[in-house]
Amino acid sequence: MAQRNWSRYPRRTFYLFVGPWVVGFLLLTAAPLVYAFATSLTNFDGSSPRWRWVGFRNYVELLGDEYAWAALLRTIGYTAIVVPLSVAGSLGLAVLLNRRLKAVGLWRTVFYLPSVVPVVATAIMWKLVLNRDAGVLNAILEVVGVDAITWLVDPMAFYALIVLTLWGLGGGMVIMLAALQGVPRELEDAARVDGAGRWKAFRHVTVPMISPVLYFQVVTGIIATLQIVVQPLLLAETNSISIVGQVPESTHLYMVQVWEEFFLNNRFGYGSAMLWVFFVIILTFTLLVQRSSRWWVHYEVNSDADR
């Protein structure tokens, strides 16, 4: 098959295709980043025109802010729990629903639906379910003789947040399911013929074949989980999410602290500095995962592409 000669297209065609993306990147990504960094070098409060340049004073203050670093440590711990559970759970559901089951399409839809429910609706629903006095979960526990549990305060609030996060495994399940269906059946059958059991075939054949998808899930999971903010705010035992001080300590994560600095303390400069430091931290974690991928991510080599 003859290779298409793209030189017959005028050069402006290339710029027409990439133009919308470039404009969007400059206006919606690059410009806000530059503005946020400039704001982090001031004492801007979000409304008053009387602000002044303070240089890196906000960053120096952040180094000694024990509340911010404690929130960061809680966020890292939360991420270390949620990301492995979400990846393993998504893969487990995908393996289960990759079989020939009756009404398998219905089961796939049932498990996928929670992931398309808006996060605000999900948080409010779980808050109603976990309510100590009128929640469905405590009502079930009381039927079996267990006293009502205060799920939305420490120390149970942290576990409630984990359950809320893991409830939407359906999105990852769909991606894992697509990856599993792309694994050649012949490879697994060959492993079985060589004497490998079901687990060994899955561990040494299936997992390496889908490792690029696992890598994608880990990276995106880390980035998303570190930035979680809406769920802790909405799960707080308050009548309004504006009272951040009532967020339990165990779920007072880094982005909640940032939200507090912006919208309660009106310290836009300090909050911007926190976000820029957080950007560097997330980038560091991403690069570490990328560096480690050389030992556990295996890419399929297409021999025909080199011919």
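The values are calculated or read from the model by the stated rules, or taken from the named source; none is laboratory data. For clarity, every value in this text was computed on a predicted model and none was experimentally measured. So basically every Cβ, Gly included, is an ideal-geometry build from the backbone, and we count neighbours across all protein chains shown. Remember, those area values only see protein heavy atoms, side chains included, never the ligands or the DNA or RNA. Shrake-Rupley method; radii C 1.70, N 1.55, O 1.52, S 1.80 Å.
Looking only at the range 56-80, count how many residues are within 16 Å of TYR270 (Cα to Cα) and among the basic types (Lys, Arg).
Of the residues in that region, 1 qualify.
When you check LEU161 against the structure, is it open to solvent by 70 Å² or more (accessible area, probe 1.4 Å) and either under 25 Å from THR225 (Cβ atoms) or not in a helix (DSSP H, G or I) (or both), yes or no? First the steps, then the outcome.
Values: open to solvent by 70 Å² or more (accessible area, probe 1.4 Å): no; either under 25 Å from THR225 (Cβ atoms) or not in a helix (DSSP H, G or I) (or both): yes.
Judged against the criteria, LEU161 is not a match.
Every residue, every condition in (1) surrounded by 12 or more Cβ atoms within 10 Å (Cβ to Cβ); (2) more than 16 Å from the chain's Cα centre (by Cα); (3) at pLDDT 90 or above, yes or no:
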| site | (1), (2), (3) |
| --- | --- |
| GLU61 | yes, yes, yes |
| GLY64 | no, yes, yes |
| TYR78 | yes, no, yes |
| ALA94 | yes, yes, yes |
| LEU106 | no, yes, no |
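Return a yes/no flag: does the range 236-244 have any residue that is of a type outside the set (A, V, I, L, M, F, W, C), over 30 Å from GLY105 (Cα atoms), under 24 Å from the mean Cα position of the chain (by Cα) and surrounded by fewer than 14 Cβ atoms within 10 Å (Cβ to Cβ).
Within the range 236-244, one or more residues are of a type outside the set (A, V, I, L, M, F, W, C), over 30 Å from GLY105 (Cα atoms), under 24 Å from the mean Cα position of the chain (by Cα) and surrounded by fewer than 14 Cβ atoms within 10 Å (Cβ to Cβ).
Go over the candidates ARG291, ARG267 one by one and state the one that is within 25 Å of TRP51 (Cα to Cα) and either at pLDDT 85 or above or acidic (Asp, Glu) (or both). Write out each step before concluding.
On the way: ARG291 fails: within 25 Å of TRP51 (Cα to Cα).
The unique qualifying residue is ARG267.
For (1) hydrophobic (A, V, I, L, M, F, W, C); (2) farther than 20 Å from ILE281 by Cβ; (3) crowded, with 16+ Cβ neighbours inside 10 Å; (4) touching a residue at least 12 places away in the same chain (Cβ under 8 Å), each residue gets a yes or a no:
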residue: PHE37; (1), (2), (3), (4): yes, no, no, yes
residue: SER47; (1), (2), (3), (4): no, yes, no, yes
residue: TRP51; (1), (2), (3), (4): yes, yes, no, yes
residue: LEU73; (1), (2), (3), (4): yes, no, no, no
residue: PRO84; (1), (2), (3), (4): no, no, no, no
residue: LEU91; (1), (2), (3), (4): yes, yes, yes, yes
residue: VAL110; (1), (2), (3), (4): yes, yes, no, no
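Please find, within the range 184-212, the residue that is nearest to VAL174 (Cα to Cα) out of those that are open to solvent by less than 40 Å² (accessible area, probe 1.4 Å) and among the β-branched types (Val, Ile, Thr).
Among those residues, the one meeting the criterion is ILE210.
Among what's in the range 32-59 and is aliphatic (A, V, I, L, M) and part of a loop (DSSP other than H, G, I, E, B), pick the residue that is modelled with the highest pLDDT.
Looking at the filtered set, the residue picked out is LEU41.
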